[in-house]
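Below is one structure, written out as structure tokens; the observations come after it.
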Amino acid sequence: MNKPVITVIGSINMDLVTVVERFPNQGETILGERFLTTPGGKGANQAVAAARLGADVRMIGAVGEDAFGRELLRSLQSEGISVDGVKPVTHQHTGIASITISEQDNRIIVVPGANHALAPEDLDQCESVIAESDVCVVQLEIPLSVVERAVSLACRHGVRVIVNPAPAQLLPPSVFKKASFLTPNEHERTILFDKMDEEAFADKLIVTEGAKGVRIWQDGQERLIPSFQVPVVDTTGAGDTFNGAFAVALAEGKPLEEACRFANAAAALSVTKLGAQAGMPTRGDVESFLSKQKES
């Protein structure tokens, strides 16, 4: 079987991760337990997740011409991801995310940098890449104008497009109408539909609810697809793993419920290790995990 072709349009960041016993109070200084730098960014994370699960992945984004940018490009290439659509920019540093991990949860500050230098015109130059895709995936750590163009181009060529509305913000009506699926978490869902009629787009909604699982709507019926119980080390990147895995499952023709179960399994495995991309499972990992679930 040919590999599914997935194009990810989104952010490429270096994650600066600090592990602490507890989060500091306002104005307080505490000692951390561990610090590491690791490749991240919602776009790059989702690209890596899809690549490890067997997809032919193309990345469209932007990095600075600096050490972080060069390292991140090498990292993507090492995963077998095409970076022909990633442009280097000289007037901005590579994006970073400052992540603090404590109590099995995280707090994240993203500084977009070069990610916000990506322009709609850059996507026009990559239109043939989008047209050849089975599924496109986009998030909101890049300019909204780029998101709009990505969804429009995918729709023009009949390519299904997943919009992961994170970090949460209001979206233009055109994105709601042209997106194949919207994958907010519970918090993002509230913001997303602050001024839009949720019922009108319910069949496009895949709401991730952490340890509870994901909520879908089919033919007007709401259903929760449960997650899997695993020991939690770090939840960073779990949502990105879900989106990358969901894209692969859709591209392979899996029905919606099965695609969500597959993505749930990948996301569950991702939280058992430290780091967004470091914890992302391979196809063999997910299939073995699902096989064991059936036996138990």
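Given N residues in the chain, what is its alpha carbon radius of gyration divided by 2.2 N^0.38 Å?
0.94
Which lysines, on any chain, are close to Lys87 with Cα under 18 Å apart, when same-chain ones fewer than 8 places away are left out?
Within reach: Lys42.
Which GluC sites (Glu not before Pro) does the stretch 23-103 hold that lie in a coil by DSSP with at most 15 other beta carbons within 10 Å?
Qualifying residues, ordered by number: Glu28, Glu33, Glu65, Glu103.
Pick from Ala202, Ala247, Ala179: which residue has the top mean-square fluctuation in a GNM of the chain where Cα pairs under 10 Å get a spring?
For the chain, modelled as a Gaussian network with Cα springs under 10 Å, the answer is Ala202.
Averaging over all projection directions, find the projected area of the Cα convex hull of the stretch 75-160 and quote it in nm² with one decimal place.
Mean shadow area of the hull around the Cα atoms is 7.2 nm².
Using the 10 angstrom Cβ neighbour count as an exposure proxy, how do Arg160, Arg189, Arg58 rank, fewest first?
Fewest-to-most Cβ neighbours within 10 Å comes out as Arg160, Arg189, Arg58.
Cα to Cα, under 12 Å, and not fewer than 8 places away if on the same chain: which aspartates and glutamates meet these conditions relative to Lys3?
Asp56, Asp134, Glu252
Sort Leu31, Leu192 so that the residue with the fewest other Cβ atoms within 10 Å of its own Cβ comes first and the one with the most comes last.
Least to most surrounded, the residues fall as Leu31, Leu192.
Looking at the square roots a ≥ b ≥ c of the eigenvalues of the Cα gyration tensor of the stretch 208-280, which shape do they give, rounded for a/c under 1.5, prolate if a/b is larger than b/c, or oblate?
Judged from the Cα gyration tensor, the stretch 208-280 comes out oblate (a/c at least 1.5, b/c at or above a/b).
Can you give the helix-only mean residue ellipticity at 222 nm for the chain, where every DSSP H stretch with n ≥ 4 adds -39500 (n - 2.57) and the sum goes over all residues, rounded to the nearest 500 deg cm²/dmol?
So the helix-based figure for the chain works out to -10000 deg cm²/dmol.
Sort Met14, Met59, Met196 so the one with the fewest other Cβ atoms within 10 Å of its own Cβ comes first.
Met196, Met14, Met59
With the chain treated as a Gaussian network of Cα nodes joined by springs under 10 Å, which of Ser174, Ser133, Ser227 yields the largest mean-square fluctuation?
Maximum fluctuation in the GNM of the chain, among the listed residues, is at Ser174.
Only the coordinates and a few stated rules stand behind these numbers; no lab work does. Everything numeric here is computed off the predicted structure, so don't read it as measured data. All Cβ positions, glycine included, derive from the backbone under ideal geometry; neighbour counts span all protein chains shown.
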